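**Q** Encoded as structure tokens, here's the structure I'll be asking about.
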Amino acid sequence: MSITLKSPVFAGNPIRSKTPKPTDPFSPTQAYETLKNLVSTQTHIQEPSLLTFKILPLRKGRPLAGSSGDLVKKWHLGWLTFDEFKVVLDSSEVSLSEDMLVYLGYDDDDVVYWGVDVSLGESLVQKFGSQQLSFVQLTTLMVATDWADEQAMGQLAIAGHARALLEWHSTSRFCGSCGEKLIPIEAGRRKQCINESCKKRIYPRVDPVVIMLVIDKENDRALFSKHSRLVPRMWSCLSGFLEPGETLEEAVRRETWEETGIEVGEVVYHSSQPWPVGSSSMPCQLMVGFLAYATSFEINVDKKELEDAAWHSREDVKRALTLTEYGKAQKTAATKVDQICKGVEKGQNLAADFGVESGELLPMFVPGPFAIAHHLISSWLIRLVFCYRKY
Ligand SMILES: [Zn+2]
């Protein structure tokens, strides 16, 4: 019925577990110097003694991706070697600048990974199209990922990290203190004000979002909000941003009260999940998941915030989870990615990506295993509080 993941989607990034020392050749600053030298030289050939680089182009937050497989389609990120990247760059109108680059990490073979923002390069779209690679929405890749495939989950986490960092760069151009320009330092992992008397450093900001399944223990039901504007008949958990000066638990209680008029007592932490697919003005969100226990039960929906909210019984929710074909939705999305990469399909529709139904229309369904909401809900159904033991 429910799918238990080893780690939440967008977590468990395989190339960022260890922070290198500044003296290591694969550290952000040293690797950046090597990359810069390579870009400025006229040769396309990377010296064998130098670091190996893998480069992931992203366009407007969409990573470059390809697809393979006959019956079962499987997407992969469109990593380029340095040589491939330089050939592409030299034949396009784009010139590489530090603003476009972010250091993503390195692996056990000392391969250094970079994300590059190529949003300005219109001609690159055709160039990659001829190689059957395409810039694909991260949400589409998220739904298309086989959640049992650890390697694919790792690639998704890398793509999420790259998107979050590059979006942060594009929305953090000027110093909040003096208004001067910010420039990237440490290979795009930080930014600094160019004003000599200010020199303020800024770090990628993470915006915490509380997400909670509000439970009515006595009547064995839970509170759901409706998200039909995104996807028809989808019900999910309540959520909201943390405000200055409040605890996560207070935010859970305040948001629940503001959106539904329900009072919450006990709040129990469940798990968290990076969420780089939220709005581009807040690209580094962290979903912090809770089970929250209601002390009042009369719903009063704030229609400005929510379309609807309702209590759903354990049986109804169990039925929705049992009948929803998450595996089928994943395969459909994987086929869609394959078609986008082959140039067959152009449209990238968010509602269609989340669609999980076929045949009979279900009265309700809940988000798939890529969303923390799914795990909060399944934990309640199987009466488990913690499901991610490793993380
Ligand atoms: Zn400044």
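The values are calculated or read from the model by the stated rules, or taken from the named source; none is laboratory data. As the structure is a prediction and not an experimental result, all values here were calculated from the model. So basically every Cβ, Gly included, is an ideal-geometry build from the backbone, and we count neighbours across all protein chains shown. Remember, those area values only see protein heavy atoms, side chains included, never the ligands or the DNA or RNA. Shrake-Rupley method; radii C 1.70, N 1.55, O 1.52, S 1.80 Å.
**Q** Using Cα-Cα distances under 8 Å and only pairs 6 or more residues apart, what relative contact order does the chain have, in percent?
**A** Across the chain, relative contact order equals 20 percent.
**Q** Quote the accessible area belonging to Ser313 in square angstrom, nearest 10, computed with a 1.4 Å probe and with ligands, DNA and RNA left uncounted.
**A** Rounded to the nearest 10, that gives 40 Å².
**Q** Right, here's the next one. Compute for segment 137-251: radius of gyration divided by Kirkwood radius, i.e. Rg/Rh, restricted to C-alpha atoms, rounded to two decimals. If you can, show how the numbers build up before the last one.
**A** On the way: Rg = 19.8 Å, Rh = 18.1 Å.
Taking Rh as the inverse mean 1/r over Cα pairs, Rg/Rh reads 1.10.
**Q** Hey, another quick one. So for each of 232-238, 69-75, 161-167 I average, over its residues, the number of other beta carbons within 10 Å; can you give me the resulting order with the highest mean first?
**A** 161-167, 232-238, 69-75
**Q** Given N residues in segment 221-260, what is Rg(Cα) / (2.2 N^0.38 Å)?
**A** Values: Rg = 11.9 Å, N = 40, 2.2 N^0.38 = 8.9 Å.
So segment 221-260 has a normalised radius of gyration of 1.33.
**Q** Further, regarding this structure: Could you report the chain's accessible area per residue, 1.4 Å probe, as an integer in Å²?
**A** With the other protein chains kept in place, the chain gives 47 Å² per residue.
**Q** Assign unit charges at the C-beta atoms only (+1 for Lys and Arg, -1 for Asp and Glu), then state the dipole size of the chain relative to its Cα centre in Debye, rounded to the nearest 20.
**A** For this selection, approximately 360 debye.
**Q** Tell me, what is the percent relative contact order of segment 183-322, built from C-alpha pairs under 8 Å that lie six or more residues apart?
**A** Over segment 183-322, the number comes to 27 percent.
**Q** How much of the accessible area of segment 160-251, in percent, comes from carbon and sulfur atoms when a 1.4 Å probe is used?
**A** Numbers: 2200 of 4510 Å².
About 49 percent, which is the carbon plus sulfur part of the accessible surface.
**Q** Note the count of lysine pairs whose C-alpha atoms are less than 24 angstrom apart in segment 28-171, limited to pairs 8 or more residues apart or on different chains.
**A** 14
**Q** Going by accessible area, probe 1.4 Å, with all protein chains left in place, what is the ranking of Arg201, Arg16, Arg221, largest first?
**A** Arg16, Arg201, Arg221
**Q** Kirkwood Rh over Cα pairs of segment 28-171 into Stokes-Einstein at 37 °C, 0.692 mPa s: D in µm²/s?
**A** The Stokes-Einstein estimate is 209 µm²/s.
**Q** A further question on this structure: What is the Å³ per residue value for the convex hull set by the Cα atoms of the chain?
**A** Output value, Cα hull per residue: 159 Å³.
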